[in-house]
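To start, the structure under review is shown below, and the notes come after it.
The values are calculated or read from the model by the stated rules, or taken from the named source; none is laboratory data. Note that this is a predicted model, so its numbers are computed, not measured. Note that each Cβ is placed from the backbone with ideal geometry, even for glycine, and that neighbours are counted across all protein chains shown.
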Amino acid sequence: MNPDAAAASLPADGHEAEAVVPARIKPVRVVSARVSVRDRVVEIWRTRELLSYLISTEIKVKYKNSALGMLWSMVAPAMSLMIFWFVFGVVLKNAYPSFVIYLFSGLLFWNFFSTAVSSATRVIVDRAGIVKKVSFPREILALSSIGTSLVFMFFQTAVLIAFMVVLQHAPDWHLLPLLIPALLATTIIAAGLGILLSAANVYLRDMSHLIEIVLQAWFWACPVVYSFWSQINPRLGGFFFIYLMNPMAPIVLTSQRVIYGHTYVHLTTPTHPGVQLLPTWSGWTYLAMDSFLVVAGLVLLWIALAVFGRLEGNFAEEL
Amino acid sequence: MAAAVEIDNVSKTFKLYHERGTSLKERLVKARQSRYDELKALQGISFDVEEGETIGILGRNGSGKSTLLKCICGVLQPTSGEIRVRGKLAGLLELGAGFQPELSGRDNIYLNGSMLGLTRKEIDAVFDDIVGFAELESFIDNQVKFYSSGMYVRLGFAVAVNVDPDVLVIDEVLAVGDEKFQRKCIARIKQFQEMGRTIIFVSHSADQVRTICDRAVVLQTGEMIGMGTPGSAVRLFRERLLESDGAPPAEDTAPSVDQTQKEEKFQLRVREVFTSVSELEDPVLESGDPFSVTAVFRVKEKIDSMVFVLEIHGAKGELLLRTDTDQLGLSTEAPMGEGRITFDFPSWPLNDGRYDISIGAQNRLGDVTFDWRENVASLEVIYHGRAAGLLNLPLSASLTAGGPIVRKVL
Ligand SMILES: Nc1ncnc2c1ncn2[C@@H]1O[C@H](COP(=O)(O)OP(=O)(O)O)[C@@H](O)[C@H]1O
Ligand SMILES: [Mg+2]
């Protein structure tokens, strides 16, 4: 029999009768080189349950693979906290009261941001096995790194709260809601950067090393271990906004303003008078800055999704 | 009925770079000079898979079967063209189905299930079925990295079929499991077909394609060279396998069969096949009558180990008989020059229907094919007797009166 002649003949008889299959809602998925950002977002939303699985399994794997489990994930942030406290508080004697809380409140957001971005950068390459075999919106992988870092941030928050109780250091209760836009902005910006860099890392494998270095430099551009208002601002004069172009600077400042609470402090060395540690801005200024960052972050995220979509098509063959 | 999968002019081109670096430095330095060859793994493939249909994909290694399946699953994006998939799709592309080795089988079932778009509740509902089907009850809480490859495939297949997809896509993974599990999978696939689900299926085994598929597609170096009934597709595929002296498949993908094939291409040719009824005016065989098939062949070079293979397939493509001249007690040495081989049935044992006959010449192990004629002759059989059923065995009965009743004690 000629195969071409037979091509159209088959399905007419046998299967028509079996249309008794209950009508299921069958979304049509299109596989092609171009998918709009809107469709990508819909697809990501549809797979949100996978996101929570990836996060919980990631934490589980980290937890299972070592005897002390979760504690290990706290070791690195605890170390940096200790070192900064020792170097700036003890050796250099900056004499800020409750300096540990000041440090911790800034580190909390910075640690979240930097682990989120650096782990998201690596995630597609690390999970090549899944990427090459199963189809799902790959952005989910980057988002799961952000989510995992967020969970570890909550663990650190628990430790921070314990510190505050022990040191009897109260946050600024009135401004507490400001942490929400700050956290939102950090998450969105980290997601945008993470998605962008995770795709780039597939093509330029040393991107992940590069980003580690960039993050180290970036850290010192944030007022975590020093004071922006008393040490940086006077030198910049009217150009202080340049410093604030670093999106993590306003976020760290917000966190310090809320958690550390005191803007003007009396130093622990009696010879020295007080110092304006944090900006004299009102809560509304912080809210405006953080809200602006949320909007800017959303723009970044949109661009990241568009770029990711263009690069994603070749992941399976590049890995 | 709507098409479950529409494949619309799909092409996929791989860029094969000459020693390309994947680091930033190398990219910057070599940006200008990064050269590549283009490999057209798929070229303008278009076909629709109807809902409830099972489509087989045949093609030699490197012909683009896996690439096509990856595009359908969305793991790869086509360079041009579009694929539309209606409903939930589960794919079994390669060993492992994307399991995470660090996690237990249990966690992987949930992870895999949610990658296929299931909610936790839905996975809870089918969890026991999955574990039962995979026969992994006592290993389900072990890390998957300690599983054997057979266990991997079992778990992958069990997840894919139990999440109740609308479209199931299977690459040549079934070959890995043991025979018992393969049978179980085939049974499950049949059950799936009865439920009206759509299956796209790549298999090494022409027999599997014949018995499972409604239609089959034949790919050759990225192009679709035919689509039709499984029988005609298998025939086309085998014929092309023989005459293919075109572009060899890229690099390491060419299987040993094909290479030996090409070298030994002219060693033997089956020139003609006829049957004892094919010359008749009315070529119909009466069931139970003698029947014979004869192949005329020519051997050009000496072949040490060679057998002629006879296959008979039923109307639905099911294999009824495969035997060879070694099994029938003939020498495996091929005589040089012209020759004839005749298979004689003293009495044709099958009742009315149409039967397809294939004849080929292979080495004794069956891994080298010298020539193959798929469905080269067909046979129409009528049965005038009154017994029902498929078989017409030489059978008699005797009736004896009196005598003791002997009961066999079990
Ligand atoms: N990721 C890839 N990069 C480059 N070439 C590839 C890639 N995947 C497959 N190919 C090439 O595409 C062709 C088709 O491969 P494949 O679809 O795996 O064939 P099949 O499954 O039919 O054996 C082969 O020549 C193979 O070398
Ligand atoms: Mg393949």
Residues A:Val41, A:Val87: which one is at pLDDT 70 or above, under 25 Å from the mean Cα position of the chain (by Cα) and away from every other protein chain (no Cβ under 14 Å)? A:Val41
Consider region B:42-78. How many of its residues are more than 10 Å from ligand 2 (Cβ to nearest atom), over 26 Å from B:Glu194 (Cα atoms), buried (at least 21 other Cβ atoms within 10 Å of the Cβ) and of a type in the set (S, T, N, Q)? 1
Taking the stated definitions as given, is B:Arg84 more than 9 Å from every other protein chain (Cβ to nearest Cβ), over 30 Å from B:Arg235 (Cβ atoms), away from ligand 2 (no atom under 16 Å from the Cβ) and not polar (S, T, N, Q)? no
I'd like to check something: does region B:161-181 contain any residue that is of a type in the set (S, T, N, Q), crowded, with 22+ Cβ neighbours inside 10 Å and modelled with pLDDT of 90 or more? no
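Would you check if B:Val234 is within 12 Å of chain A (Cβ to nearest Cβ) and modelled with pLDDT under 85?
Taking the combined requirement at face value, the residue satisfies it.
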Of all residues in region B:110-148 being at the interface with chain A (Cβ under 10 Å from one of its Cβ atoms), among the polar types (S, T, N, Q) and over 28 Å from the mean Cα position of the chain (by Cα), which is surrounded by the fewest Cβ atoms within 10 Å (Cβ to Cβ)? B:Thr119
For the list (1) within 16 Å of ligand 2 (Cβ to nearest atom); (2) more than 28 Å from B:Lys121 (Cα to Cα), I need the number of the one condition that B:Glu179 fails. (1)
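Any idea which of B:Val296, B:Val277, B:Val309, B:Val273 is assigned to a strand (DSSP E or B), over 28 Å from the mean Cα position of the chain (by Cα) and aliphatic (A, V, I, L, M)?
Unique residue meeting the criteria: B:Val296.
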Could we say that A:Arg310 is over 30 Å from A:Val125 (Cβ atoms), part of a helix (DSSP H, G or I) and basic (Lys, Arg) here? no
Return a yes/no flag: does region B:335-357 have any residue that is closer than 25 Å to B:Arg269 by Cβ and of a type in the set (S, T, N, Q). yes
B:Glu172 within 16 Å of ligand 1 (Cβ to nearest atom) and charged (D, E, K, R): yes
